[in-house]
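Please treat every number below as a calculation from the coordinates, not as lab data. Small disclaimer: the values here were computed from a predicted structure and weren't measured. We place every Cβ from the backbone using ideal geometry, glycine too, and count neighbours over all the protein chains shown.
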Amino acid sequence: MVRPHDSFASMDTDLYSIRMLATLSGEHLSGAEQLAGVGEIDALAAALARRALEHSRGRADAIRISIENIAQAQVVRGTLPGLRTVQVDTFEMGRQVAKALLHAAGVSAVAADEAMKSLCNGPAAGGGTMRGAMLVDALTGQRLEPDARRGVRVSRLGMTAETREILEAKLDACGLNNDHVREALTLAGKVISAEGIVAELCWSDDPDYTAGYVATPRFGYVRFPHMKPLHSTLGGRAFFVSPMGNSRLQDLIRYLETTPWLACNLGAIQGTLTVGAFYESLEK
Ligand code: AMP
């Protein structure tokens, strides 16, 4: 498990971005990124190497870990989205409710369908998983990322130690205090803070992990315990964007990939809702 040991909440310590990317037979296997204080770096590097070596899809044959200092002045401070879980019993139901949520957030049916089809078939050009996310036009469903094999990898993101402590206590109370949820919530926080992002859709490529989520600026982070069949290794992420010109798209990609983003606050961490109650909440 990747967990910092000391605090950079006071921002008086040097801040580093640590990233891990691992491949197996030339294909993306695992990746992780975090902002951390100087005193956490050695333990984090060891934990990330271990994660790549013990991945459920196989043992990495190449692991790259990069560590770089981040100037405090560049850091954008943000808030983690609120979290809710919708109790769906099957992945078909999970996808159906996720589509309704995407629609309520402003994603067209054709764009949601195209993105889900890509996640089901393997979103990388030629099939298989990507190391980053697809960028999808929220109206037309057109793919916009410059490299459809690699995708856009969100990097330089994290939370203060104080935020982490509160988050862990709240997630513990719902039985959700694990790497998957903490890391995905942080990633979604940075993604939906970006100008032009309408929504994010994700389900994991980890064969043992069937949960997925939709995150939007208005509805926060909504988890579905079932979004794909158990043992499927196909998954990924789609970032739906409002129609924009090329220069704004380049700014968006630069923000996602390079601007350091640190959560200093968090939204409400709520329990589980039935599908019916969730649909009602969308209408309010
Ligand atoms: P995971 O949730 O780690 O199982 O990742 C599932 C998929 O989401 C990966 O195969 C990537 O396609 C994508 N992904 C993971 N991390 C990132 C990231 N930092 N930025 C963009 N896409 C990511």
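For the range 76-282, give the share of DSSP beta bridges that are antiparallel, in percent and rounded to the nearest 5; count only bridges with both residues there.
50 percent
Looking at 28, 41, 69, which one has the Cα that reaches farthest to the positive end of the dipole of the range 5-133 (charges on Cβ: Lys, Arg +1; Asp, Glu -1)?
Comparing the listed Cα positions along the dipole, 28 ranks first.
Subtracting the Cα-Cα distance from 0.36 nm times the residue separation, let me have the gained length for residue 89 to residue 232 in nm, one decimal.
On the way: separation 143, 0.36 × 143 = 51.48 nm, distance 1.70 nm.
That pair, residue 89 and residue 232, stretches by 49.8 nm at full extension.
In terms of modelled amide H atoms, which long-range or inter-chain residues lie less than 5 Å from the amide H of residue 149?
Under 5 Å from the amide H of residue 149 lie the amide H atoms of 125, each far enough along the sequence or on another chain.
About the Cα centre of the chain, what is the dipole size in debye to 20, counting +1 per Lys and Arg Cβ and -1 per Asp and Glu Cβ, all else neutral?
It works out to roughly 440 debye.
With every atom except the alpha carbons ignored, what do you get for Rg and Dmax of the range 146-284, in angstroms?
My reading of the Cα-based Rg and Dmax gives 15.6, 44 Å.
Return the single residue from 180, 103, 28 with maximal mean-square fluctuation; model: Gaussian network over the chain, springs between Cα atoms under 10 Å.
Of 180, 103, 28, the Gaussian network model singles out 180 as fluctuating most.
Span-like helices, the chain: DSSP H, alpha-carbon axial extent 15 Å or more, mean Kyte-Doolittle 0.5 or greater, which ones?
Going by DSSP H runs, the hits are 41-53.
Among 141, 122, 255, flag the residue with its Cα farthest along the positive direction of the charge dipole of the chain, charges on Cβ as +1 for Lys/Arg and -1 for Asp/Glu.
Towards the positive end, the residue furthest out is 141.
Quick one: Karplus J couplings for the range 227-233, per residue in order, coefficients 6.51, -1.76, 1.60, θ = phi - 60°, nearest Hz, x for Gly and Pro?
Here the 3J(HN,Hα) series is 10, 8, x, 4, 6, 6, 9 Hz.
Would you pull out the residues with amide H under 5 Å of residue 266's amide H, same chain only if 5 or more places away, H placed 1.01 Å from N?
Under 5 Å from the amide H of residue 266: 80.
Once Rh is set to the Kirkwood radius over Cα pairs, what Stokes-Einstein translational diffusion coefficient, in µm²/s, holds for the chain at a temperature of 4 °C and a viscosity of 1.567 mPa s?
68 µm²/s
Sequence gap at least 6, Cα distance under 8 Å: using those rules, report the relative contact order of the range 167-284 to the nearest whole percent.
On the way: 136 pairs, mean separation 28.5, N = 118.
Taking the mean separation of contacting Cα pairs over the length of the range 167-284, I get 24 percent.
Per residue of the chain, what 222 nm ellipticity follows from adding -39500 (n - 2.57) for every DSSP H run with n ≥ 4, rounded to the nearest 500?
Estimated from H runs of four or more residues: -10000 deg cm²/dmol.
Quick one: which residues, 5+ away or cross-chain, put their amide H under 5 Å from the amide H of residue 212? H built at 1.01 Å from N.
224, 226, 227
If you take every residue apart from residue 191 with its C-beta less than 12 Å away from the C-beta of residue 191, what net charge results, scoring Lys and Arg +1 and Asp and Glu -1?
Result for the neighbourhood of residue 191: 0.
If we restrict to alpha carbons, what Rg and Dmax does the range 38-109 come to, in Å?
19.5, 47
Lys and Arg at +1, Asp and Glu at -1: add these up for the other residues within a Cβ distance under 11 Å of residue 76 and post the number. Display every interim value, and only then the final one.
On the way: positive: 77, 156, 190; negative: none.
So the surrounding residues net to +3.
For the peptides 53-63, 274-284, 127-137, what is the packing order when you average, over each peptide's residues, the other Cβ atoms within 10 Å and list the highest mean first?
Output ranking for 53-63, 274-284, 127-137: 127-137, 53-63, 274-284.
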